[in-house]
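A.B. asks: Just dropping this structure here.
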Amino acid sequence: MLDNLLLGFQTAMTWENLVWCLVGVLLGTVIGLLPGLGSTTGVAVLLPLTFTFEPVTALIMLAGIYYGAQYGGTITSVLIATPGEAASVVTTLDGYQMAKQGRAGAALAIAAIGSFIAAIISLALLMGLAPPLAGLALEFGPAENLAIMILGLVIVVSFQGGAFVRGALMAAAGLLLATVGIAAGSGEARFTFGNVDLLSGIPFVEVMIGLFALGEVFHQIRMGAEKPIRARFKDMVIRPREVAKSMPSILRGSGIGFFLGMLPGAGSTLASFISYGIERRVSRNRDNFGKGAIEGVASPESANNAAANANFVPTLALGIPGGATTAVLLGAFTIYGLQPGPLLFEQQPDLVWGLLVSFFVGNVLLLVLNLPLAPVFAQMLRIPYGYLYPLIILTSCIGAYSVSNNMFSVWVVLIFGVIGFVLKELDLPIAPLVLGLVLGPLFEKALVQTSAVGDGSLAVLFTRPIALGILVCAAALIAVPRITGALLKGRKENQKESVTQ
Amino acid sequence: MTRTLRNARIAASAVLAALGAAACVGGLGYGLENEDGAVGTGLLPAASGALIAVLALVDLAQQLLAARRAPASADADINAANGSGVALLIADGETGGPTDGIDVLGRTPRQRNRNLVVVLALVFAAALLVPFSGLLIAMGLLILAITIGVERMRPLSAVAVTAVALACVWLVFAQGLRVPFPTGMLGLI
């Protein structure tokens, strides 16, 4: 193991690899800052640049783009409530509130620190456990994946607190929206009303831009201009006390992220949502969640980063992409003549361990670059909103167009911008809608496969121990707070009666 | 919660219930089961539609019960309990008093509502303009119209902001990322 680690450091720490890792991280951050362009697009667009490189150098640079873009998405999530990817949606909940309180610098810094710690933890886990964990991931069949998606939706709905019905309503609406287009099982078109653009479904990147970026712009126009945020520099810098306070959240987020990131599919998105949901229940500062709690940024960002690294477990060990970006990277592997799978660890140890160590190096670079830059990025909020929002509208529309080079994307952004505004005005939660939309296609695929495994019956969900265990957790999340709430209420009433008697 | 907001929420719940029911019926039309007994094309739309309809009706019932329990005088208390800052703003808009809810630029809620309508109209008009002018020109005109017409920026500043923003977008997207923007009937950029 130590030999492998040394080999990895020898490979990753050459000047050439370090420079291209830095270039990848910087390009990724810039791409993540642009609405509509997430890590998947970034890696795909910049892939041709690496064709002349050595495979290990190319993969190190592409991996740098991957987590650089994730951090870039975090910057826009915090500063202008515009998540670059679905996995950054929950960061907007507390990150944007922190920004409005003049603490954007601290939010961005804790995101970088959390990501860095998550990278170290996930690197250690990857090195020691990648091959056996890949075997464990194989135990997750359609039934287990379906169960874990149900758990994810339940957690997201349950973190709405008192607004459980409205959270569930929005999650169901997201699932319904995800059914537009060609069905996963049969290939039949649904709810397309003859529109060719709808055949591939409602594009969720454009929906996210509309709901969050334009929805917030319309909302702010209606709320009225506030004074530009003129925070003192010391408020922009994170305090050591805040880092210490966030540490449990970072550790929990890293663990959750790593575990969920290993599962092929929407690992990073589910990981960030679930870690936020759990943190909202267990954190000492849970009452401030949604109002600018630093733990509400630290936890999902750590989970997001750990999941991004863990995505490489099935990719490297099994040749199964963990997510959309790793699917593009898998394509890069084949372009370079590499065959991911169990034999890759034996045949190309310098490449595999060099790549794994480069995650650590890349996150060190991100931390070194972004800790001092976080307050600088945060200065953007000093721009009066009257100047800022026309530019947000411009970049949202252009970014959306560039996703698929189609005006349909722009119309989706505009329509969902209006819907996002209405949802905000009516106090209906947006995060469950996005998760439902993102998970919808995977959910239906798992549903179809589970029913196929069970010869048409979904009862197979209850016969597989892992799936059953996950479903019991989901049911407990719904039932336990209600039962304990009712018991506490009954006890209080009894106490009141005894006092009056 | 003001009466307007409560009515809006009730209307939204009713609309969602109707949409859910329609989706459920549509889903049933696609078929819940395939011939081999496996999950059919219509199961997820029907199930999610039914769930939306039921949850929207529950929400509707909760809203109606809350409306019955809370007379108009208790509006402020309910609003505080719900944690909705938006409701207060709507209340300001309804009263329309000259000093109520004025923002740092001196705009009343009524003016802000008008600005919102204007911005929405401009954004959709710009999108409609794309087949004629192309995307970049339409977006440039949109920024110009918002900065001059809504934000009352000086024309020179507005033109400068628009030109710099468009140049950045053109450099990054059109030149850097090779995004082929539609140039419309004008065929300029």
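The values are calculated or read from the model by the stated rules, or taken from the named source; none is laboratory data. Computed from a prediction, not measured in an experiment: that's the story for all the values here. All Cβ positions, even for glycine, are placed from backbone atoms using ideal geometry, and neighbour counts span all protein chains on display. With ligands, DNA and RNA removed, areas are computed over all heavy atoms of the protein, side chains included. Shrake-Rupley method; radii C 1.70, N 1.55, O 1.52, S 1.80 Å.
A.B. asks: Answer yes or no: is there a residue in region A:446-453 that is buried (at least 23 other Cβ atoms within 10 Å of the Cβ), within 16 Å of A:Pro203 (Cα to Cα) and of a type in the set (S, T, N, Q).
C.D. replies: Checked against the condition, which is being buried (at least 23 other Cβ atoms within 10 Å of the Cβ), within 16 Å of A:Pro203 (Cα to Cα) and of a type in the set (S, T, N, Q), region A:446-453 yields no hits at all.
A.B. asks: Filter region A:8-43 down to residues that are under 30 Å from A:Ala81 (Cα atoms) and either outside any helix (DSSP H, G or I) or open to solvent by 50 Å² or more (accessible area, probe 1.4 Å) (or both), then give me how many there are. Write out each step before concluding.
C.D. replies: Let us first name the residues in region A:8-43 that are under 30 Å from A:Ala81 (Cα atoms), namely A:21-43.
Going one step further and asking which of them are either outside any helix (DSSP H, G or I) or open to solvent by 50 Å² or more (accessible area, probe 1.4 Å) (or both), we end up with A:22, A:26-27, A:30, A:33-38.
Count: 10.
A.B. asks: While we're on this one: Among residues belonging to region B:136-149 that are under 13 Å from A:Cys397 (Cα atoms) and free of Cβ contacts under 8 Å to residues at least 40 places away in the same chain, point out the one that is surrounded by the most Cβ atoms within 10 Å (Cβ to Cβ). Please lay out each step first, then the result.
C.D. replies: Step one: list which residues in region B:136-149 are under 13 Å from A:Cys397 (Cα atoms), which gives B:136-140, B:142-143.
From what's left, free of Cβ contacts under 8 Å to residues at least 40 places away in the same chain: B:139-140, B:142-143.
Working: B:Met139: 29, B:Gly140: 22, B:Leu142: 23, B:Ile143: 22.
Among residues in region B:136-149 that are under 13 Å from A:Cys397 (Cα atoms) and free of Cβ contacts under 8 Å to residues at least 40 places away in the same chain, the one surrounded by the most Cβ atoms within 10 Å (Cβ to Cβ) is B:Met139.
A.B. asks: Another question, if that's okay. Go through the residues of region B:181-189 one by one and say whether even a single one is in a helix (DSSP H, G or I) and open to solvent by 10 Å² or more (accessible area, probe 1.4 Å).
C.D. replies: Our first condition is that a residue be in a helix (DSSP H, G or I); within region B:181-189, this holds for none.
No, the conditions are met nowhere in region B:181-189.
A.B. asks: Further question: Could you count how many residues in region B:150-173 are surrounded by 14 or more Cβ atoms within 10 Å (Cβ to Cβ) and among the aliphatic types (A, V, I, L, M)?
C.D. replies: Count: 9.
A.B. asks: Any idea which of A:Val357, A:Val364, A:Val410 is within 30 Å of A:Leu7 (Cα to Cα) and crowded, with 23+ Cβ neighbours inside 10 Å? If you could, list the steps in order and put the result at the bottom.
C.D. replies: Numbers: A:Val364 fails: crowded, with 23+ Cβ neighbours inside 10 Å; A:Val410 fails: within 30 Å of A:Leu7 (Cα to Cα).
Answer to the check: A:Val357.
A.B. asks: Report the residue count in region A:287-317 for those that are charged (D, E, K, R), over 12 Å from the mean Cα position of the chain (by Cα) and crowded, with 24+ Cβ neighbours inside 10 Å. Can you show your working first?
C.D. replies: Taking region A:287-317 first, the residues charged (D, E, K, R) are A:287, A:291, A:295, A:301.
With the extra rule that they be over 12 Å from the mean Cα position of the chain (by Cα), the set shrinks to A:287, A:291, A:295.
So of that shortlist, the ones also crowded, with 24+ Cβ neighbours inside 10 Å come out as A:295.
Going through region A:287-317 one residue at a time, the tally reaches 1.
A.B. asks: So the check is Cβ under 8 Å with 6+ separation or different chains; which pairs have a first residue in region B:46-57 that's within 17 Å of A:Ala163 (Cα to Cα) and a second one that's in a helix (DSSP H, G or I) and of a type in the set (S, T, N, Q)?
C.D. replies: Partner pairs satisfying both residue conditions: B:Ala56/B:Ser13; B:Leu57/B:Ser13.
A.B. asks: Condition first: within 12 Å of A:Gly386 (Cβ to Cβ), more than 7 Å from every other protein chain (Cβ to nearest Cβ) and in a helix (DSSP H, G or I). Now tell me which residues in region B:150-178 satisfy that.
C.D. replies: B:Val150, B:Ser157, B:Ala158
A.B. asks: Could I ask something else about it? Of everything in region A:382-394 that's out of contact with any helix residue (DSSP H, G or I) (no Cβ under 7 Å at 6 or more places or on another chain) and not small (Gly, Ala, Ser), which residue is surrounded by the most Cβ atoms within 10 Å (Cβ to Cβ)?
C.D. replies: To start, the set of residues in region A:382-394 that are out of contact with any helix residue (DSSP H, G or I) (no Cβ under 7 Å at 6 or more places or on another chain) comprises A:382-384, A:386, A:388.
This time we only want the ones that are not small (Gly, Ala, Ser), so: A:382-384, A:388.
Working: A:Arg382: 11, A:Ile383: 13, A:Pro384: 15, A:Leu388: 18.
Per the stated criteria, the residue is A:Leu388.
A.B. asks: Confirm whether A:Gly174 is within 12 Å of chain B (Cβ to nearest Cβ), over 20 Å from B:Gly49 (Cα atoms) and buried (at least 20 other Cβ atoms within 10 Å of the Cβ). Working first, answer last.
C.D. replies: Details: within 12 Å of chain B (Cβ to nearest Cβ): yes; over 20 Å from B:Gly49 (Cα atoms): no; buried (at least 20 other Cβ atoms within 10 Å of the Cβ): yes.
No.
A.B. asks: Against the conditions (1) open to solvent by 40 Å² or more (accessible area, probe 1.4 Å); (2) within 30 Å of A:Asn406 (Cα to Cα); (3) more than 8 Å from chain A (Cβ to nearest Cβ), where does B:Ser133 fall short? Just the number, please.
C.D. replies: It fails just one condition, (1).
A.B. asks: Kindly check whether there is at least one residue in region A:466-474 that is farther than 24 Å from A:Ala168 by Cβ, at pLDDT 85 or above and more than 14 Å from chain B (Cβ to nearest Cβ). Before you say what the answer is, go through the steps one by one.
C.D. replies: Step one: of region A:466-474, the residues farther than 24 Å from A:Ala168 by Cβ are A:466.
When the remaining residues are screened for being at pLDDT 85 or above, the result is A:466.
Subset that is more than 14 Å from chain B (Cβ to nearest Cβ): A:466.
Yes, there is a match, as at least one residue in region A:466-474 is farther than 24 Å from A:Ala168 by Cβ, at pLDDT 85 or above and more than 14 Å from chain B (Cβ to nearest Cβ).
A.B. asks: So, one more: Taking the condition at pLDDT 80 or above, assigned to a helix (DSSP H, G or I) and open to solvent by less than 10 Å² (accessible area, probe 1.4 Å), does A:Gly64 pass? Before the answer, list the steps.
C.D. replies: On the way: at pLDDT 80 or above: yes; assigned to a helix (DSSP H, G or I): yes; open to solvent by less than 10 Å² (accessible area, probe 1.4 Å): yes.
Yes.
A.B. asks: Which residues, counting only those in region A:422-463, are without any contact (Cβ under 8 Å) to a residue 24 or more places away in the chain and more than 10 Å from chain B (Cβ to nearest Cβ)?
C.D. replies: Answer for region A:422-463, where residues must be without any contact (Cβ under 8 Å) to a residue 24 or more places away in the chain and more than 10 Å from chain B (Cβ to nearest Cβ): A:Ala459, A:Phe462, A:Thr463.
A.B. asks: For region B:19-33, state whether one or more residues are farther than 24 Å from A:Gly440 by Cβ and either modelled with pLDDT of 90 or more or open to solvent by 30 Å² or more (accessible area, probe 1.4 Å) (or both).
C.D. replies: Filtering region B:19-33 down to residues farther than 24 Å from A:Gly440 by Cβ leaves none.
No; the residues of region B:19-33 include none that is farther than 24 Å from A:Gly440 by Cβ and either modelled with pLDDT of 90 or more or open to solvent by 30 Å² or more (accessible area, probe 1.4 Å) (or both).
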